[in-house]
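Rule-based calculations on the coordinates, nothing more; no lab input. Note that this is a predicted model, so its numbers are computed, not measured. We place every Cβ from the backbone using ideal geometry, glycine too, and count neighbours over all the protein chains shown.
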Amino acid sequence: MSGDVSMDAIVSLCKRRGFVFQSSEIYGGTGSCWDYGPLGVELKNNVKRAWWRDNVHLRPDLVGLDASILMHASVWKASGHVDHFSDPMVDCKACQRRFRADAPDEIPWTHYCPATKGNRFEIPPGEPCRHCGARRTLCPACGKGELTAPRQFNLMFKTFMGPVEDEAAVTYLRPETAQGIFVNFDNVLQAMRLKLPFGIAQIGKAFRNEITPGNFIFRTREFEQMEIEFFVNPLDTLDGRPADEVWHERWIQERFAWYGRYGIRPEHLRLRTHEKGELAHYAKGTSDVEYRFPIGWSELEGIANRTDFDLKQHARWSGRSLTYYDEERKTHVVPYVIEPSAGADRSVLAFLVDAYREEEVRGEKRVLLRFHRDLAPVKVAVLPLLKKRPEIVRVAGEIRGRLARRWVATYDDTAAIGRLYRRQDEVGTPFCVTVDVQTVGDADKGEAGDGKVTIRERDSMEQIRVPITELETVFGALFDGAEWSAVAARYPAARS
Ligand code: GAP
């Protein structure tokens, strides 16, 4: 429904072109886990790299961390996840299907209509039957069973640490990366001699036994988070206001702007402030960056003010002091925490959906992914105009090899040039380099090559003729952010 592209079109393109595959597909798939293929892993790595560079490398006040997934079981008691990290669920008494309590009214429902001799209908979510006027009361899947009253279902995956599977060995796959940061607060503070305010960033896997996973990589049981815990002195003020509140606003603006910087259209992004009643048990305030996914407006990232909840809880449960010594005021304080928490997989989905375009070019449909150059899985495709000419193939191979030392570069000679361009458009490759007869010359006719190749730009489809010796300089400028039009103006146009 995003106005542009359906989820089915994205899922199909992702499978066809090697971005994302259903996990364990040859066994029928899991429905809640997905595998990133050759192009998907490049895209996801680029999203994570951009996030890490912008937050950890470019900011003077952030450092990185990579904590383990398995942690001491007490972490999850202290954090509140054992007691509070649950969703209400209901079961069908007939087919035993399980739903999140709010899900039955949000999915189409099956109805055996008494006004039409019991005919079976599939009715849109929340609507009554057109024939008998009944509303859903039974299981939406089988249409026959009553649903149980809601019960709380903890979303953490339980496992055992060590060879003995008893209560003492129980631990959990982490449901968020954040806790690895909190328990390392003092280690990082001491090792790096940091001064407040500062942040610790982490990218890593998280696991949630979601009752209703779905919508492709939007909600899965295994996913990756990109989280920052930004620690602020609770005694500080900025412009006369508590520093944590000012930093919360700054991070909301910063994270909102980040998605636009990498190409998400402004009309597809919005901010939503949580109502008091929907705040997590640890939060004083939360705002979500929402994206207009094909399933409607949904959370892409949450930016919460977690106060001093987590550090105080871990100090209490571990018996270790998790404070910061404020030298000016000669006192120990427990920092407040601002937490921008993004999903890597959800970001990949948003970047894919937003990049998708269908255009008509000379009476034919052209599908393209207009990825930001930093995110595109393949940066340059080197294509031979004629694969039967060994000299053309040799030069194209050499160029690919040279470019591949700095950028992801691919070679393809499996179709005619027009089709090769379309294939690269469809996976979002920003530039193609074509080697032709003019480049290498024709020895049989005694004609020397001009040593120039054609560069074609994805979005405009403009083509320029550039000496092979200048390719690295040209791509260096383009991947450093130079406008195509500025670079193209320096070279003659090539015939398309
Ligand atoms: N530490 C705070 C925290 O985990 P959250 O809102 O539960 O907050 C943060 O998760 C982000 O992680 C979400 O905005 C979303 O992008 C991503 N995320 C959460 N659950 C997910 C799931 N089941 N599948 C994919 N991404 C998920």
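Estimated from the Cβ-Cβ distance and a Förster radius of 41 angstrom, the FRET efficiency linking ARG370 and GLN96 is about 0.35. Between ALA9 and ARG53, the modelled labels are 3.0 nm apart [label points 7 Å from Cα along Cα→Cβ].
When only alpha carbons of the stretch 248-378 are considered, Rg and Dmax amount to 20.3, 74 Å.
Its alpha carbons give the stretch 320-449 an Rg and a Dmax of 24.9, 86 Å. The calculated 222 nm mean residue ellipticity attributable to helices in the chain amounts to -7500 deg cm²/dmol, summing -39500 (n - 2.57) over DSSP H runs of n ≥ 4 and dividing by all residues. When VAL393, VAL164, VAL289 are sorted by how many other C-beta atoms sit within 10 angstrom of their C-beta, beginning with the fewest, the order is VAL164, VAL393, VAL289. Taking other residues whose beta carbon is less than 10 angstrom from the beta carbon of TYR491, and scoring Lys, Arg as +1 and Asp, Glu as -1, yields +2. Using the Cβ-Cβ distance between GLU359 and HIS332 with R0 set to 60 Å, the FRET efficiency works out to roughly 0.45. If you wrap the chain in the convex hull of its Cα atoms and look at it from every side, the mean projected area works out to 32.0 nm². What shape does the stretch 57-132 have by the C-alpha gyration tensor, where a ≥ b ≥ c are the square roots of the eigenvalues, rounded means a/c under 1.5, and otherwise prolate means a/b greater than b/c and oblate the rest? Prolate shape, in that a/c is at least 1.5 and a/b is the bigger ratio.
Taking the Cα atoms of the stretch 102-161, the ratio Rg/Rh between the radius of gyration and the Kirkwood radius comes to 1.18. The fraction of all Cα pairs in the stretch 394-496 landing in successive 10 Å bins from 0 to the largest distance is 14, 48, 33, 5, 0, given as whole percents.
Summarising the overall dimensions of the stretch 35-183 from its C-alpha atoms, the Rg and Dmax are 23.0, 71 angstrom.
Could you check the simple spin-label distance between ASP480 and ASP444, using points 7 Å along Cα→Cβ, in nm with one decimal? With each label placed 7 Å out from Cα toward Cβ, I get 4.4 nm.
If you take all other residues with their beta carbon under 11 Å from the beta carbon of ASP345, and give Lys and Arg +1 and Asp and Glu -1, the sum is +3. Against the compact-protein benchmark of 2.2 N^0.38 Å, the Cα-based radius of gyration of the stretch 1-82 scales to 1.55. Exposure proxy shown here: for THR323, THR414, the number of other Cβ atoms within 10 Å sets the order, fewest to most, as THR414, THR323.
Listed values for the stretch 107-115 are Karplus-derived 3J(HN,Hα) couplings in whole Hz (6.51 cos²θ - 1.76 cosθ + 1.60, θ = phi - 60°), namely 10, x, 10, 8, 9, 9, 7, x, 7, and x replaces Gly and Pro.
In order along the stretch 146-161, the Karplus-derived 3J(HN,Hα) couplings, from 6.51 cos²θ - 1.76 cosθ + 1.60 at θ = phi - 60°, round to 6, 9, 6, 5, x, 10, 6, 10, 6, 8, 7, 7, 8, 8, 10, 9 Hz, and Gly and Pro are given as x.
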